[in-house]
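See structure below.
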Amino acid sequence: MKHGGNIYQFAAEQHCLPEEVIDFSANINPMQAVNWQDLQSVNLGPYSDPGYQALKHAIKQRYLLSDGVDIEAFNGASAAIFALLRWLHPQDLVLYAPLYVEYGQIAEQLGCQIQIINRFDDHWANVPQGSTIVFVNPATPDGQLYNMSALLAHWQAADCTLIVDESFLDFSQAESVSEHIVRNDKLYIIKSLSKFYGCAGIRIGFVIAASQAIQALKRLEPAWKLSSLDMAYMQLALSNQSFIAETRQQTTSLRELLFKTLQTSGLFEHIYPGQANFLLTRLANLDGYRLQEQLAPSRILIRVCDNFTGLDSRYVRFAVKDEAAIRHLGDCLSQINK
């Protein structure tokens, strides 16, 4: 199990059921916004609406988009990333690392000239004129929130096309940069709904951009990308307004508990003070894979982050889980052979 996330493989290796795995490797909200019983009346007989009108209306109600701004839905944020980069097909792509591996993979397939900027060192570095920027906020795997207004101005001065990935922004109180689209039609926002709404198996992400750009992007997309069940689930989730405040409050409280638990263990030389639903750590005297192996008999799965550009196997990310899971993690960490 190299990077975590595959609870089925991990469960098979530990001779347990997948539901017995305590998965700290996947940063998914432990709360869920929808009761499955509310979906019993979903009609799966006819084809779903290829225009996703009900879902799009629910998304626009949730995110209050400006006139002249539209969305296109995808089968998860990863699919949105691939589709957007294929459509833009940038010649020069600037990736602010560490970030998701998918961006680098698709850029290599497209033959882009890639420039990596280590945002830990200098996120104000100069960028090539007219390049395409990819920036994740809050960042992953560390969860840092950035002053996006200043960064947008910095990149616009170089006439850049901007892709801002806000897959974890809903866990924070920070505002989306989507309001800037009316003044910058070269700005694209990527959102994930699966993580915040605690439903990794419901694959829905979307792109926010100027209406004209969305219409052009849609022309390359197939019909029926989303199932009726996926859309019905997410429409109910988006309508659960109380879930937003409850999740943010719970995430803040549990993230503080997780931070203290990791700190008390004495295993980590640095714990990054993230603002999302996960924490990045750097081990002091232990390799991440060794820690993964020692936690495995307790059916705890963690994420080693050496597949993020600029990080090595000393870096480990922990998702925010419920209180019982965090306290169990603390007990197990206290028994680790340093």
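Note on the range 44-99: with neighbouring protein chains present and a 1.4 Å probe, carbon and sulfur make up 50 percent of its accessible heavy-atom surface.
Where in the range 110-132 does the label zone of ARG282 land, with the point 7 angstrom along Cα→C-beta and an amide N cut-off under 19 Å? Counting backbone N atoms under 19 Å from the label point, the list is 117-124. Take the alpha carbon gyration tensor of the range 98-213, find the square roots of its eigenvalues, order them as a ≥ b ≥ c, and report rounded if a/c is under 1.5; if not, report prolate when a/b exceeds b/c, else oblate. It comes out rounded by the Cα gyration axes.
Using alpha-carbon positions, what is the distance between the centroids of the range 125-164 and the range 22-59, in Å? First find each Cα centre; the distance between them is then 31 Å. Taking every alpha-carbon pair under 8 Å whose residues sit at least 6 apart, the chain reaches a relative contact order of 26 percent.
Using a 10 Å cut-off on Cβ atoms, rank the peptides 12-18, 23-29, 145-151, 162-168 from the highest mean neighbour count down. Could you put the intermediate results ahead of the total?
Details: 12-18: 12.4, 23-29: 23.0, 145-151: 14.7, 162-168: 24.7.
Packing order, densest peptide first, comes out as 162-168, 23-29, 145-151, 12-18.
Could you report the chain's accessible area per residue, 1.4 Å probe, as an integer in Å²?
On the way: 14900 Å² over 338 residues.
I get 44 Å² per residue for this part.
What does the charge add up to near SER253, with Lys and Arg as +1, Asp and Glu as -1, over the other residues with Cβ less than 13 Å from its Cβ? Its environment carries a net charge of 0. In terms of the Cα gyration tensor, with a ≥ b ≥ c the square roots of its eigenvalues, is the range 233-338 rounded because a/c is under 1.5, prolate because a/b exceeds b/c, or oblate? In terms of gyration-tensor shape, prolate. Please give the FRET efficiency for TYR8 paired with GLN32, using the beta carbon to beta carbon distance and R0 = 25 Å, rounded to the nearest 0.05. In this case the efficiency is close to 0.80. Between beta-carbons, use under 15 Å as the cut-off and find the net charge around TYR103, counting Lys and Arg +1, Asp and Glu -1. Counting the neighbours of TYR103, the net charge comes to -3.
If you wrap the tightest convex hull around every Cα atom of the range 234-290 and split its volume per residue, you get 91 Å³. Here the range 197-247 was treated as a single set of alpha-carbon atoms; its pair distances binned every 5 Å from 0 give 4, 15, 21, 19, 19, 14, 6, 1 percent. Within the accessible area of the range 205-258, the carbon and sulfur atoms contribute 52%, probe 1.4 Å, all protein chains present. Distance between the modelled labels on TYR47 and GLU269, one decimal in nanometres: 5.9 nm (7 Å Cα→Cβ projection). For the chain, a simple Cβ point-charge model (Lys and Arg +1, Asp and Glu -1, everything else neutral) yields a dipole of about 100 debye relative to the Cα centre. Distance from the alpha carbon centroid of the range 286-312 to that of the range 174-243 works out to 31 angstrom.
Loop-located chymotrypsin sites (Phe, Trp or Tyr not before Pro) across the range 188-227 with a Cβ neighbour count of 12 or fewer within 10 Å are TRP224, with loop assigned by DSSP.
Rounded, prolate or oblate: pick one for the chain, where a ≥ b ≥ c are the square roots of the eigenvalues of its C-alpha gyration tensor, a/c under 1.5 means rounded, and failing that, prolate if a/b is larger than b/c, else oblate.
Details: a/c = 1.81, a/b = 1.24, b/c = 1.46.
Oblate, since a/c reaches 1.5 and b/c is not below a/b.
The values are calculated or read from the model by the stated rules, or taken from the named source; none is laboratory data. As the structure is a prediction and not an experimental result, all values here were calculated from the model. Cβ atoms come from the backbone with ideal geometry, glycine included; neighbour counts cover every protein chain shown. Surface accessibility is based on the protein's heavy atoms, side chains included, excluding ligands, DNA and RNA. Shrake-Rupley method; radii C 1.70, N 1.55, O 1.52, S 1.80 Å.
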